[in-house]
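All remarks here apply to the structure that follows.
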Amino acid sequence: MNIKKMGVFAVAGALVAALALFGCSSGDGGQAKTEGGDSAGTAESGYALINDGKLTVAASLDFPPFENLNGDQPEGFEVELMQALAEEMGIECEYLPSTKFDTIVPLIQTGGKADVGVSGITINDERLEQVDFTDPICDVNQGITVLKESGITEVDQLEGKKVGAQTGTTGYEWAAENIKDVEMAGFDEMTAVYAALQSGQIDAIAVDLPVTNYYVKTAYTDCEVIAEIPTGEQYGIAVSKENPELTKALNDALKAVRDSGKYDEIAAKWLQ
Ligand code: ARG
């Protein structure tokens with residue numbers, strides 16, 4: 001577990017929204033050119049793919065602005081980033097139907113269904129025992145969300161209360177470990193967590209800050225983000241430990257996409 005107990009910055013919801021820094025600006029560049037870059041096949045590049053010429057992605061499509069469903073089409077920052085990486089690698093990118101978040105890392109570990117797991121997945125020690133991760137693709141913190149009318153303005157007020165989170169996430173883990181006498185409730189989908197808050201089943205939500213900022217702004221306007229928790233998490237692309245060539249090819253493609261400015265373009269579109 002690399003989520004340490006950290007202090008809490010309680011800030012007004014509006015401020016959290018206004019300051020929403022996603023840490024997704026252009027990162028360390030470096031020289032890129034992948035050995036698989038010009039090849040549509042897998043033979044020369046050395047990595048294995050479940051379906052030839054296609055990067056098959058497993059994701060929980062309930063995490064805007066990173067990945068979400070627009071009708072039946074996946075969209076978001078990570079979706080476009082994966083498309084850009086696949087293009088750089090000379091292959092296509094295909095998303096599987098939405099997959100329950102806490103099954104994604106095991107699914108990549110087991111192999112056979114998807115080449116990569118991309119789902120706002122925080123790189124941590126526990127997951128690194130099961131899968132490899134690419135270089136970080138985004139930095140985030142946690143956020144705490146309540147109902148506007150709840151009168152709760154600080155995390156300390158959640159002592160002994162009910163907090164909801166998506167099962168198997170770092171938000172769940174943070175709240176369980178850091179809120180005194182908390183009663184945790186786990187849900188499969190993010191939308192179910194917000195519904196539980198609205199119906200009074202839980203008192204607060206712990207989830208990645210950019211995601212709750214997005215949900216509160218676009219859908220759950222009766223909710224408010226009251227705190228940013230500086231957990232300093234980084235998202236990575238999960239790859240099977242048996243496919244290190246794919247991790248390398250993705251890292252090379254990531255460098256190329258950062259160097260070309262494409263990464264910044266995608267970040268500017270989704271992460272405002
Ligand atoms: N970053 C958090 C974690 O890794 C939450 C990710 C949830 N992702 C999702 N697509 N619902 O645990």
So ILE266 passes all but one of these: (1) more than 16 Å from the ligand (Cβ to nearest atom); (2) surrounded by fewer than 22 Cβ atoms within 10 Å (Cβ to Cβ); (3) of a type outside the set (Ser, Thr, Tyr); (4) over 17 Å from the mean Cα position of the chain (by Cα). Which condition number does it fail? (4)
Could you grab the pairs with beta carbons closer than 6 Å, sequence gap of 6+ or different chains, first residue in segment 49-70 and away from the ligand (no atom under 15 Å from the Cβ), second one at pLDDT 95 or above and of a type in the set (Asp, Glu)? LEU49/ASP115; ILE50/ASP115; LYS54/GLU92; LYS54/GLU94; LEU55/ASP115; THR56/GLU94; THR56/ASP115
Members of segment 114-129 that are away from the ligand (no atom under 12 Å from the Cβ), within 19 Å of TYR47 (Cα to Cα) and either assigned to a loop (DSSP other than H, G, I, E, B) or touching an Asp or Glu at 6+ places or on another chain (Cβ under 9 Å) (or both): ALA114, ASP115
Here's a check for you: in segment 168-183, which residue that is surrounded by fewer than 17 Cβ atoms within 10 Å (Cβ to Cβ) and within 16 Å of the ligand (Cβ to nearest atom) is nearest to VAL146 (Cα to Cα)? ALA176
Taking GLY164 as the residue in question, decide whether it is touching an Asp or Glu at 6+ places or on another chain (Cβ under 9 Å) and part of a helix (DSSP H, G or I). no
Looking at segment 101-127, which of its residues are in contact with a strand residue (DSSP E or B) (Cβ under 6 Å, 6 or more places away or on another chain), of a type in the set (Gly, Ala, Ser) and under 23 Å from PRO210 (Cα atoms)? GLY117, GLY120
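The values are calculated or read from the model by the stated rules, or taken from the named source; none is laboratory data. Computed from a predicted structure; not experimentally measured. Cβ atoms come from the backbone with ideal geometry, glycine included; neighbour counts cover every protein chain shown.
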